[in-house]
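K.L.:
My questions all concern the structure below.
The values are calculated or read from the model by the stated rules, or taken from the named source; none is laboratory data. Note that the structure is a prediction, hence the values are computed from the model and not measured. A quick note on method: Cβ atoms are made from the backbone with ideal geometry, for glycine too, and the neighbour counts reach across all protein chains shown.
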Amino acid sequence: MIVAKDYSIELDVIEGNPTLKALDDVIIKPIDERPSKKFNIVLSITVTLLLILAVCVGFTFYFGIGLWGNNQPVAWAFDITNFVFWVGIGHAGTLISAILYLLRQQWRNGIARFAEAMTIFAVICAGMFPIIHMGRPWLAGYLIPYPNSHLIWPNFISPLVWDVFAVSTYLTVSLVFWYVGLIPDFATLRDRSTNKIKKTIYSIFSLGWRSSNRHWKHYEKVYMILAGLATPLVLSVHTVVSWDFAAAVIPGWHSTIFPPYFVAGAIFSGFAMVSTVLIFVRTVFNMEHIITIDHIEKMNKIILLTGSMVGYAYVIEWFMSWYSGTPFELFTAMNRAFGPYAWAYWIMVSCNVFSPQLFWFKKIRRSIPITLLIVILVNVGMWFERFVIIVSSLNRDFLPSSWHYYKPTIFDFGILLGSFGLFFTLILLFAKTLPVVSLAEIKSVVKGAQPDHRGGNHNA
Amino acid sequence: MPDKKLFGITALFDSPDSILNAAKKIKEAGYKNYDINTPYPIHGMDDIISAKPSKLSYITLFIGFSVAAFILSFMWWTLAINYPLVIGGKPYFPLPAFVPITFEFTVLLGVLSTVFGMIAIAFNLPYNSHPLLDTEYMRNVTSDKYGAIIEAEDPQFDEKKVKDYLMSLGGNSIESIYQPEEIKFKVFEPKFLIFLTIVAVLSAATTYISIDKLMYITPFDFMLNQKKGSAQAESSFFTDKYEMRQPPVGTVARGFLLYEFIRVADTNQFYGNPLLPTKKVLVLGQSKFLTFCSPCHGDYADDNSRLMAQFPPGPTLHSARVISFTDGKIYNIITNGQNVMPSYDSQITREERWSIINYIRVLQRAQNPKPSDFTTIKEFKKESGNVQN
């Protein structure tokens, strides 16, 4: 049975027709209330993970990175895997807040704030890894070009230095973008709160914002400029990360497909993480009418698209290793799929390529439990993708006498687990202290929030 | 409240359409200093308030281009001028390899300058003492109401008239906003001075402790505790108990060839000067002579030195005895020292010593010129066109 549907009609961004006051109340409720028992339990779990991170990193700093499983020829392993994984997670946030903004996708308004916050926290997690991977983290300062007594400058030709610039720019721009979006909300919080300390804090951060329409004009313009600058930035960041690999001459890394392949993978994993977290957030904070099932469905469609692009890249990798005519490339490809790390390769393929294909079915796209299962599988798969790219390319290098089967130690696992602790602790603290949905943006897309030039009264 | 100065009259509206309508009417009535406050941007309001689009994008454009030019030339300067390095066989100015950082830096500064320009220049924020803040009006317009304000500075402003006018537009909760009392702070308030003192003491103490104490506490003292032998310590490993090892018998380390004539009084017969008195050699000799020799021997080697009467003076180098010294003898004296004069072996390189000797010879000849020298000088001056004397 074919049902004719009019796709020219936009779906409501928000279900029901809540008043603006009611939206404020729902979104600000978690900030005003004392933390619930559930919140405390979850926070204690994530803080425990964070402590594991602190302990493992402390041990690493004291004894050196010999504590990890890394050794020649697998000099990059969990640390860089985690770095690329977390940077990738961040990409969905900027995609939602910048690219979908430029494309006038109004449904982004409900999820943009949260996704931007996730970007920042994910990049914080990511930025940690190259620094602890150095073993002597205080030497990271040499990556900044400043006139020092050694008379040396960073090597601006190295992709690793590009990475420093790309990731730190990304973090700064995401923070600024996020803060600009928060200014009107801080003003709302300031005018709602009766507690003197809270009011002072909100006043400082709101900068004295008055919601003036003379200001809104500039504000919207600047938001557009930021979105326009952040869009190429987000594509460039994972491109630069991929150059860390593609500019090397290791078979399995030295490939022109890496930049688009990494960007697609980043958006794929980022959306999976956004979905994972938002599914919990909308239930816990009773925001099913703001973060609706339509949002989840739309994100699932993007996951399906980018998942297929990633699958296509896997196929092209095989083709290129054959087409290149290099025995080393072909060996690396075979080694990936059937070598000692075949288990990781097939976990990656089944999680990333096969599982999102279920999203072709509308019923599955709109089913919360199955979506949750698939997006978690995608997260696992994307972590394994980076693991496979790094470890399986390195463990059998040109010299068979130095082949080595990499095994992570308990500290590797501790730091991986701990980075999740850091991420979710920051997420929880954010959800408790700041509005998880942009008040100003969500109000502007409520039905009747914009003038219909017929004299309608929204709040009546 | 007669003392307080009126800032403006506000009115609240209930729907986006009514505020749009009110804004239109206020503008048509000829008011200049008015504002519309809404919890989110209302479509179509920009056209009513002012037709001009925001000019902030020019900041982005200007800063973006300037920063791109700056960072590109900075990278070129570091890698090609300041410390030229060939990396990976690439040229000193590999433009494609400079593109990523140029791009990232442009975006970074473009974003920061735009946002700074918006907040500081366009909004004139932070402004937490604005009269509108902390009013019932503001509490409503940041939540769910749409407000309009006509400010007292407006030329047409008349309290009664404006109130009636806003009422007639359908506005409710008409409110008069007054300027807040100005609060002034004195700089020399004792509390503030005490605060400053505490900050100064605390930051000084923190700096002192972190630099002078903390850095010598485990684990930051790892540089001091290295597992290595130091030169003068007793070795528990080698049988002869020396930490510092001797080179194998009959070998000489590179650059450590000993000077053969230590404590040999007369080496006249061993050395001739390997350097000719060219201009380059004499310039080097002059600079080294002025650095190392002149403090005692005088700038013209004539015993008239800066250390006269403070230190045993060096003898003049114009005596018949010194003139009769061979170059090798002088070389030996510089190298080994003589009487009070110490050895300059470690301070003046071999080439510089020979250059100094050439320069001393020039000084000596200048004091005792031969008649032929004058003709040479005259000819030289004629050639160079300088015939005054």
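K.L.:
Does A:ARG282 count as of a type in the set (Lys, Arg), assigned to a helix (DSSP H, G or I) and in contact (Cβ under 8 Å) with a residue 60 or more places away in the chain? Steps first, please.
P.N.:
Details: of a type in the set (Lys, Arg): yes; assigned to a helix (DSSP H, G or I): yes; in contact (Cβ under 8 Å) with a residue 60 or more places away in the chain: no.
No, not satisfied.
K.L.:
For the range B:136-161, give me each residue that is more than 9 Å from chain A (Cβ to nearest Cβ) and in a loop (DSSP other than H, G, I, E, B).
P.N.:
Once the filter is applied, which keeps residues that are more than 9 Å from chain A (Cβ to nearest Cβ) and in a loop (DSSP other than H, G, I, E, B), the range B:136-161 yields B:ALA152, B:GLU153, B:ASP154, B:PRO155, B:GLN156, B:PHE157, B:ASP158.
K.L.:
In addition: Between B:ILE49, B:ILE87, B:ILE71, which is in contact with a Leu (Cβ under 9 Å, 6 or more places away or on another chain), assigned by TED's automatic domain parsing to the domain that holds B:ILE150 and surrounded by 17 or more Cβ atoms within 10 Å (Cβ to Cβ)? Walk me through it before giving the result.
P.N.:
Numbers: B:ILE49 fails: in contact with a Leu (Cβ under 9 Å, 6 or more places away or on another chain); B:ILE87 fails: surrounded by 17 or more Cβ atoms within 10 Å (Cβ to Cβ).
Testing whether each residue is in contact with a Leu (Cβ under 9 Å, 6 or more places away or on another chain), assigned by TED's automatic domain parsing to the domain that holds B:ILE150 and surrounded by 17 or more Cβ atoms within 10 Å (Cβ to Cβ) leaves just B:ILE71.
K.L.:
Would you mention how many residues in the range A:128-168 are part of a helix (DSSP H, G or I), within 22 Å of B:ALA97 (Cβ to Cβ), at pLDDT below 90 and aromatic (Phe, Trp, Tyr)?
P.N.:
So the count comes out to 1.
K.L.:
Does the range B:101-112 include one or more residues that are among the aliphatic types (A, V, I, L, M), within 28 Å of A:ILE28 (Cβ to Cβ), in contact (Cβ under 8 Å) with a residue 12 or more places away in the chain and facing chain A (nearest Cβ under 7 Å)? Please lay out each step first, then the result.
P.N.:
Of all residues in the range B:101-112, those among the aliphatic types (A, V, I, L, M) come to B:101, B:107-109, B:111-112.
Next, only the ones that are within 28 Å of A:ILE28 (Cβ to Cβ) stay: none.
Scanning the range B:101-112 turns up no residue that is among the aliphatic types (A, V, I, L, M), within 28 Å of A:ILE28 (Cβ to Cβ), in contact (Cβ under 8 Å) with a residue 12 or more places away in the chain and facing chain A (nearest Cβ under 7 Å).
K.L.:
Are there any pairs with C-beta distances below 8 angstrom linking a residue in the range A:198-211 that is more than 10 Å from chain B (Cβ to nearest Cβ) to a residue that is not hydrophobic (A, V, I, L, M, F, W, C), with the two at least 6 apart or on different chains, and if so which?
P.N.:
Note: pairs meeting the criteria are A:TYR202/A:ARG190; A:TYR202/A:SER193.
K.L.:
Could you say whether any residue in the range B:15-25 is of a type in the set (Ser, Thr, Tyr) and part of a strand (DSSP E or B)? Please lay out each step first, then the result.
P.N.:
The initial filter retains those residues of the range B:15-25 that are of a type in the set (Ser, Thr, Tyr), namely B:15, B:18.
Now restrict to residues that are part of a strand (DSSP E or B): none.
Within the range B:15-25 (the criterion being of a type in the set (Ser, Thr, Tyr) and part of a strand (DSSP E or B)), the answer is no, since none of the residues qualifies.
K.L.:
Go through the range B:293-339 and report how many residues are over 21 Å from B:ARG365 (Cβ atoms) and in a helix (DSSP H, G or I).
P.N.:
5
K.L.:
If you take the residues in the range B:1-37 that are small (Gly, Ala, Ser) and within 27 Å of B:GLU181 (Cβ to Cβ), which one is nearest to the chain's Cα centre (by Cα)? Let's see the steps before the verdict.
P.N.:
Initially, the range B:1-37 is screened for residues small (Gly, Ala, Ser), giving B:8, B:11, B:15, B:18, B:22-23, B:29-30.
Now narrow it down to the ones that are within 27 Å of B:GLU181 (Cβ to Cβ): B:8, B:11.
Numbers: B:GLY8: 50, B:ALA11: 54 Å.
Among those residues, the one meeting the criterion is B:GLY8.
K.L.:
For B:ILE71, state whether it is in contact with a helix residue (DSSP H, G or I) (Cβ under 9 Å, 6 or more places away or on another chain), within 30 Å of A:SER206 (Cβ to Cβ), of a type in the set (Val, Ile, Thr) and part of a helix (DSSP H, G or I).
P.N.:
Working: in contact with a helix residue (DSSP H, G or I) (Cβ under 9 Å, 6 or more places away or on another chain): yes; within 30 Å of A:SER206 (Cβ to Cβ): no; of a type in the set (Val, Ile, Thr): yes; part of a helix (DSSP H, G or I): yes.
Against the criterion (in contact with a helix residue (DSSP H, G or I) (Cβ under 9 Å, 6 or more places away or on another chain), within 30 Å of A:SER206 (Cβ to Cβ), of a type in the set (Val, Ile, Thr) and part of a helix (DSSP H, G or I)), B:ILE71 does not qualify.
K.L.:
Can you go through B:ILE63, B:ILE59 and tell me which one is hydrophobic (A, V, I, L, M, F, W, C), at pLDDT below 90, in a helix (DSSP H, G or I) and closer than 30 Å to A:ARG214 by Cα?
P.N.:
Working: B:ILE63 fails: at pLDDT below 90.
Within the list B:ILE63, B:ILE59, the selection yields B:ILE59.
K.L.:
Give me the pairs, please: first residue somewhere in the range B:79-94 and more than 7 Å from every other protein chain (Cβ to nearest Cβ), second residue anywhere and outside any loop (DSSP other than H, G, I, E, B), beta-carbon distance under 7 Å, and either six or more positions apart or on two chains.
P.N.:
The qualifying pairs are B:LEU85/B:LEU79; B:TYR92/B:LEU79; B:TYR92/B:ALA80; B:PHE93/B:TRP76; B:PHE93/B:ALA80.
K.L.:
Which of the residues spanning the range A:393-431 are part of a helix (DSSP H, G or I) and more than 20 Å from the chain's Cα centre (by Cα)? Full working, then the answer.
P.N.:
Just the residues of the range A:393-431 that are part of a helix (DSSP H, G or I), to begin with: A:393-394, A:400-402, A:410-431.
Residues satisfying the conditions are A:SER393, A:LEU394, A:PRO400, A:SER401, A:SER402, A:ILE410, A:PHE411, A:ASP412, A:PHE413, A:GLY414.
K.L.:
Next up: Going by the conditions given, is A:SER355 closer than 30 Å to A:ARG282 by Cα, surrounded by fewer than 17 Cβ atoms within 10 Å (Cβ to Cβ) and touching a residue at least 12 places away in the same chain (Cβ under 8 Å)? Explain how you work it out, then say what you get.
P.N.:
On the way: closer than 30 Å to A:ARG282 by Cα: yes; surrounded by fewer than 17 Cβ atoms within 10 Å (Cβ to Cβ): no; touching a residue at least 12 places away in the same chain (Cβ under 8 Å): yes.
The answer is no for A:SER355.
K.L.:
Here's a follow-up. When you scan the range B:12-29, do you find a residue that is free of Cβ contacts under 8 Å to residues at least 24 places away in the same chain and touching a Gly at 6+ places or on another chain (Cβ under 9 Å), even just one? If you could, list the steps in order and put the result at the bottom.
P.N.:
Going residue by residue through the range B:12-29, those that are free of Cβ contacts under 8 Å to residues at least 24 places away in the same chain are B:17, B:27-28.
Remaining after also requiring touching a Gly at 6+ places or on another chain (Cβ under 9 Å): B:17.
Checked the range B:12-29: at least one residue is free of Cβ contacts under 8 Å to residues at least 24 places away in the same chain and touching a Gly at 6+ places or on another chain (Cβ under 9 Å).
K.L.:
Can you tell me which of (1) surrounded by fewer than 22 Cβ atoms within 10 Å (Cβ to Cβ); (2) over 25 Å from the mean Cα position of the chain (by Cα); (3) within 7 Å of chain B (Cβ to nearest Cβ); (4) in a helix (DSSP H, G or I) is the one A:VAL180 doesn't meet?
P.N.:
(2)
K.L.:
Let me ask you something else. Whether any residue in the range A:52-61 is assigned to a loop (DSSP other than H, G, I, E, B) and modelled with pLDDT of 85 or more is what I want to check. Step through it out loud before you land on a result.
P.N.:
The initial filter retains those residues of the range A:52-61 that are assigned to a loop (DSSP other than H, G, I, E, B), namely none.
No, there is no match, as no residue in the range A:52-61 is assigned to a loop (DSSP other than H, G, I, E, B) and modelled with pLDDT of 85 or more.
K.L.:
Please state which one of B:LYS160, B:LYS191 is in the same structural domain as B:TYR34 (by TED's automatic domain parsing) and of a type in the set (Lys, Arg).
P.N.:
B:LYS160 is the lone residue from the list that is in the same structural domain as B:TYR34 (by TED's automatic domain parsing) and of a type in the set (Lys, Arg).
K.L.:
Something else now. Which residue pairs have Cβ atoms under 7 Å apart, sit 6 or more places apart or on different chains, and have a first residue in the range A:12-40 that is at pLDDT 75 or above and a second that is small (Gly, Ala, Ser) and surrounded by 12 or more Cβ atoms within 10 Å (Cβ to Cβ)?
P.N.:
Hits for this filter: A:LEU20/B:SER143; A:LYS21/B:SER143; A:ASP24/B:SER143; A:PRO30/A:ALA431.
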